[in-house]
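In what follows, a structure is listed as structure tokens, so that the remarks can point back to it.
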Amino acid sequence: MDTSHEGTESVPPRAERWTICRAGHVHWGVLGGAGFLFRYHAGEGGVAEYLLAQRSRSVDNGGSWGVPGGATRASESAEETARRETLEEIGTLPEYRVTSVDVQDCGGGWIFHLFCADVEEEFTAYCGQETDATGWFTEEMIRSLPRHPDLRLPVDH
Ligand SMILES: [Zn+2]
């Protein structure tokens, strides 16, 4: 039996919950969120491919595609959030090199840190918590995927 709701006055509110930003959007994560956009490029003549994960149909925006990531906890840096959530959602964390950090404001003050990171190979991603599928996609393929509404990618520019 879960009694965790009793006597919680001294417990700080969890950062991992729904919040409404100044623009009236509903977002997951009081302190914002963070995730990884992993990119593999085969080199000259190759086309860059990006790892995306499809959200489980049991959660909000189920079936949509996004990056591994989630809500920032009070004790974490944005990159620590991205690393933890990646392990939870795709069951692995490759060696990576961050090439840029896209700090995205939804327009209402809610911030998502998107770490754009190069990897050495198209590593195997698994389906962890809240993930139904994973895959590597070119920019052209990404444009035709049903995408999570909060997901903005540098490839859009
Ligand atoms: Zn917002």
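Of G45, G70, G24, G109, which residue is touching a Lys or Arg at 6+ places or on another chain (Cβ under 6 Å) and farther than 15 Å from R152 by Cβ?
Just a single option satisfies the conditions, and that option is G109.
Within segment 91-105, can one find any residue that is over 16 Å from L151 (Cβ atoms), in contact (Cβ under 8 Å) with a residue 60 or more places away in the chain, surrounded by fewer than 17 Cβ atoms within 10 Å (Cβ to Cβ) and more than 16 Å from the ligand (Cβ to nearest atom)?
Looking for residues that are over 16 Å from L151 (Cβ atoms), in contact (Cβ under 8 Å) with a residue 60 or more places away in the chain, surrounded by fewer than 17 Cβ atoms within 10 Å (Cβ to Cβ) and more than 16 Å from the ligand (Cβ to nearest atom), one finds at least one in segment 91-105, hence yes.
Go through segment 109-130 and report how many residues are under 19 Å from T72 (Cβ atoms) and surrounded by 13 or more Cβ atoms within 10 Å (Cβ to Cβ).
Matching residues across segment 109-130 total 11.
Just wondering, is there one or more residues in segment 63-86 that are at pLDDT 95 or above, among the β-branched types (V, I, T) and surrounded by fewer than 16 Cβ atoms within 10 Å (Cβ to Cβ)?
No, segment 63-86 contains no residue that is at pLDDT 95 or above, among the β-branched types (V, I, T) and surrounded by fewer than 16 Cβ atoms within 10 Å (Cβ to Cβ).
For the list (1) within 16 Å of the ligand (Cβ to nearest atom); (2) loosely packed, with under 14 Cβ neighbours inside 10 Å; (3) more than 14 Å from the chain's Cα centre (by Cα); (4) under 17 Å from L151 (Cβ atoms), I need the number of the one condition that D60 fails.
Result: D60 passes all but (3).
Conditions: (1) within 16 Å of the ligand (Cβ to nearest atom); (2) closer than 21 Å to S56 by Cβ; (3) in a loop (DSSP other than H, G, I, E, B). F112 meets all but one. Number of the miss?
Tallying (1) within 16 Å of the ligand (Cβ to nearest atom); (2) closer than 21 Å to S56 by Cβ; (3) in a loop (DSSP other than H, G, I, E, B), F112 fails exactly one: (3).
The values are calculated or read from the model by the stated rules, or taken from the named source; none is laboratory data. Owing to the predicted nature of the structure, the values given are computational and were not obtained by experimental measurement. Quick reminder, even Gly has a Cβ in these numbers, built from the backbone with ideal geometry, and neighbours come from all protein chains shown.
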